[in-house]
Structures are given as structure tokens and as C-alpha cells.
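Below is one structure, written out as C-alpha cells; comments come after it.
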């Protein structure tokens, strides 16, 4: 696929016809990839607007932009998305490329990312966070009511208008609900589409593991809204250091600072449920936000799902997000082909507290440098695709805001630990048998120890032993030639030592402010 021609910057005073409007260039704002953004004045009105000028290489790219424009037209009634004004497309002479002009509402108060970077030292207060969340949730509500999913909700895709209304933008990844793939061809197509159109740190478990056979739907957006809220609070995403394995099991922690109310943390918890069935819908999110703000649900917001308000579980059923989990690493066999025999499944234990603790210095450095941006992954599996259109901010680098750092491409590998004590499901359980994760009405939030291997066996706990007997046992170990006996004895001694250690605290991390991005 040939690259489109390079755009030349248009000088101030240039007039362009955009659909039925005439736009006069006032100033150049920014550029990204094959797009330029300008401040323009509409001739028929004294108002200023934003003009995005894009060159796409072929009709496939033109169709993608046309789909994005159609979404903006359908959302014209919503005050919480960036408004579409007009557009125009024309063929570039002597090429297969097209020049597309999109005229949009101007948001003079820059982006949410700029707003957060300007508040690095003080962070956002809870009332500010609730206001931002309510605005963005109403934008998501408008999309879900039209049976559309955004698929790329993130801090970078929010702009601020002159009234300090926070507005959702960038609808290039928007699509209807995606059903689970039915064959290997559909599986590969959906995999490539997710890799191209979504941002790794905001992907829901069902988007990472398509073998679960779950649809990509509104609940996938709700997961992204939960990540969005977490980053509003703590300036980094909850799975930056632990990677995809932690996402698959919803394993994350709350830092101890800044401090927010239990209600706000509960809202994050329910949106970041591994099983999408137990995540709230967008109406329930809005209702919960309004309850926390002590105000009525906004006019025009109705429960079109007919599910009522979200029903919180009893305190006995609520567990904090797990900080350590055991998971089977299952080879990626196709769900559409039968395997001759069950593979041997290794077990990996990941301690998210340790992972986040190891990056505290990096997080401190990131705080002084500014927030980092998150971008959709460009994976080698994507074939004959046109890259997602570049993210465009309506302002250049702020003179007061810190410089935004790029996101590392590759996430750190989760550590594999040996003889590491596992976390018990709760303080009342003393059994050493791993608890298998099970979804049920009586346990909708199983933030317990997870062991997905079907043939996992409990490790026998060693009973108390006298020092002399331990010495005799140690002497006997040196004389044994059977490696399996040696391994078993060591495992029993290690198990006994681990049982004597107190369980680590799982409530909050200490002194975390930001982290390194992991895609």
C-alpha cells in the first residue's frame, strides 16, 4: 500500500469549501501522521471552528473516515461529544489518494490530558472527577442507546469546550456490537481488528482472550470507562506493570495516595469485573454517579436497558481487588479444532503488589515528566490494513503543562516466582487448597485465589517437626538418589514455612503516583 502524499501547511487567509460552508484559515494548530488541524472561521458566521485536513491512501481509508463522519452525524443531538459541522472529500490529482476535510466544533480549553498535566502536583479532587465522569458517561450513553460501542475510550480522547464541558471525541474505532467469532477466519479478522482499533491498556478481558467466546459489546466500553476513572484518580492505569495476565483476572490495587471515598473505589470495582455480566450498564453508572453527587439523573437519561439501578452485593460478598493470583498458562489451541490430548498446564503466580512496587522510582520520574499517552497497538498480525488515523489534539505543547512522554511498545513480562506464598480468599479460610474461580449468584465478585487448571492438586501441608527430626530428615535428603523424593520433601518444608507467615495486606499500595505504560 503506497503512502499518501505529504500535506503542505496552509497559510493563514486560505479559504476552503467544506461541504456547504466556506472556512478561512486563521491559524495552524497541530499535525499528526497524515493530518493537519487548523483554527478556522466560518464565513457565514462569526464563530470559530476546528478543521481537520486528512489525506488517505485509498478508498478503504476513505470509507473509514466516512464511517467516522456518519457516527458524528448520528450523535449530533448529544452535548457531550464533539459536534460535527460539515465535511468534504476530493481526489488528489495523479494519485489514488483522497483529501478529506472535516469541520468540527472548536474546544478552546484543550484536552483532558493537558488539563491533568497542569494538575500534576495537586491531582484532581473527587468532585472534579465526578463531574468529568458524568459528562463522559452521558456521551457514552448516547452511543450505547444507538447500539454503538466506542472501543477507544481513554483520557486522550476527551476535549474541553469553552464552558468546561468534557466531550468525547475520535470515533474512528466505533462499531456495532461484535458477536463472538464462529470459525477460524472470523477469529483472525476480529483479532486483527481489535489490535488495530483499540488501546492495549484499556482492553477488556474478553477482547484479549477471544477464546472465552464472549461478544465485544457495551460492557467492553464499561471496562474502558473503569480504566478511565482509575487513571483520573491516580494518573496511571491499573494494569501498566502487570500486563495482560493481570487484565485477564482483574488483578489490580488502589494506591494509598491520593485518597478517595469508598464509593468511588466501589464504582471502579464494579466496572472492572472480569465477567462482563457483573459490570453495570451505562445508565447504572450514571445513576451511581448522580447518587454520589447528591443530584437527580439528568433529564433525558432513561433506563433503556430496563434493568433498574445496579444492585451492590452484600459486604460478605465484596472482596478487594486481588493482589496475587495463580493462573494456568494454557497453550493457544484453536477452539475450532479438537486436540488429541490434554496438554500439561504450567501454573504461574503473579504478585501485582510486587510488580507495582518495583516501579515506584519510575512512577516518581513519570510524575515530574507528565502524563503519558496511550496509543492503539500496531501488531504484525494486521494484514493489508490502513493504520488507524492519528490521534489529533487541538493544541500544541502547552507552555505550562509538562511534556508528554511516549508509551513504550512492549509490556514488561510478569515475574515467575517459585515457592511464593499464595493469598487465601479471605481471612476466615485456612485451607491450603487453591480455590477455583466460579461465577454464581451467591458469589458475584470472586476476587479470590484463581487456579484455572482442571487437574490442579492441593499441596499437602507439612505438620510441625522437632529440630532433631528435621536434622535427620535433612541428612536423609543428601543420601537420596531419587529426585522426586527430594523435590517433594523440599516442597513440604517450604509449605510449612509459608503457612507461618502472615498474609500480606491487600487493601492499598503505598506511595504510588504514576507508572510506566505497558501495552
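The values are calculated or read from the model by the stated rules, or taken from the named source; none is laboratory data. Computed from a predicted model, the values in this text were never measured in an experiment. Note that we place each Cβ from the backbone using ideal geometry, even for glycine, and neighbour counts take in every protein chain shown.
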Subject >> Criterion: closer than 14 Å to residue 104 by Cα and either in contact with a helix residue (DSSP H, G or I) (Cβ under 6 Å, 6 or more places away or on another chain) or without any contact (Cβ under 8 Å) to a residue 40 or more places away in the chain (or both) - qualifying residue of 76, 89 >> reply: 76
Subject >> Selected residue [at pLDDT 95 or above and either more than 20 Å from residue 11 (Cβ to Cβ) or surrounded by 20 or more Cβ atoms within 10 Å (Cβ to Cβ) (or both)] from 51, 64 >> reply: 51
Original post:
With respect to residue 99, is the statement that it is in contact with a strand residue (DSSP E or B) (Cβ under 8 Å, 6 or more places away or on another chain), in contact (Cβ under 8 Å) with a residue 12 or more places away in the chain and part of a loop (DSSP other than H, G, I, E, B) true?
Top reply: no
Subject >> Condition met for residue 189 (within 30 Å of residue 48 (Cα to Cα), assigned to a helix (DSSP H, G or I) and over 17 Å from the mean Cα position of the chain (by Cα)) >> reply: no
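Yes/no matrix, rows are residues, columns are (1) surrounded by fewer than 21 Cβ atoms within 10 Å (Cβ to Cβ); (2) in a loop (DSSP other than H, G, I, E, B); (3) more than 18 Å from the chain's Cα centre (by Cα):
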site	(1), (2), (3)
121	yes, yes, yes
131	yes, no, yes
163	yes, yes, yes
167	no, no, yes
**OP:** Take residue 254 and decide whether it is in contact with a strand residue (DSSP E or B) (Cβ under 9 Å, 6 or more places away or on another chain), at pLDDT 95 or above and in the same structural domain as residue 208 (by TED's automatic domain parsing).
**Re:** yes
Original post:
Between residues in the stretch 3-15 that are touching a residue at least 40 places away in the same chain (Cβ under 8 Å) and residues that are in a loop (DSSP other than H, G, I, E, B), which pairs lie under 7 Å by C-beta distance while being six or more apart or on different chains?
Top reply: 3/57; 4/34; 4/57; 4/97; 5/92; 5/95; 5/97; 7/34
**OP:** Would you mind telling me which numbered condition in (1) in contact with a helix residue (DSSP H, G or I) (Cβ under 6 Å, 6 or more places away or on another chain); (2) over 23 Å from residue 293 (Cα atoms); (3) buried (at least 22 other Cβ atoms within 10 Å of the Cβ) residue 140 fails?
**Re:** (2)
Original post:
From the set of residues in the stretch 1-48 that are more than 18 Å from residue 91 (Cα to Cα) and within 31 Å of the chain's Cα centre (by Cα), which is modelled with the lowest pLDDT?
Top reply: 33
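Here's the yes/no breakdown for (1) more than 24 Å from residue 181 (Cα to Cα); (2) surrounded by fewer than 20 Cβ atoms within 10 Å (Cβ to Cβ):
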| site | (1), (2) |
| --- | --- |
| 219 | no, no |
| 234 | yes, no |
| 253 | yes, no |
| 271 | yes, no |
| 290 | yes, yes |
Original post:
When the residues of the stretch 193-252 are filtered to those that are part of a loop (DSSP other than H, G, I, E, B) and under 10 Å from the mean Cα position of the chain (by Cα), which remaining residue is farthest from residue 265 (Cα to Cα)?
Top reply: 198
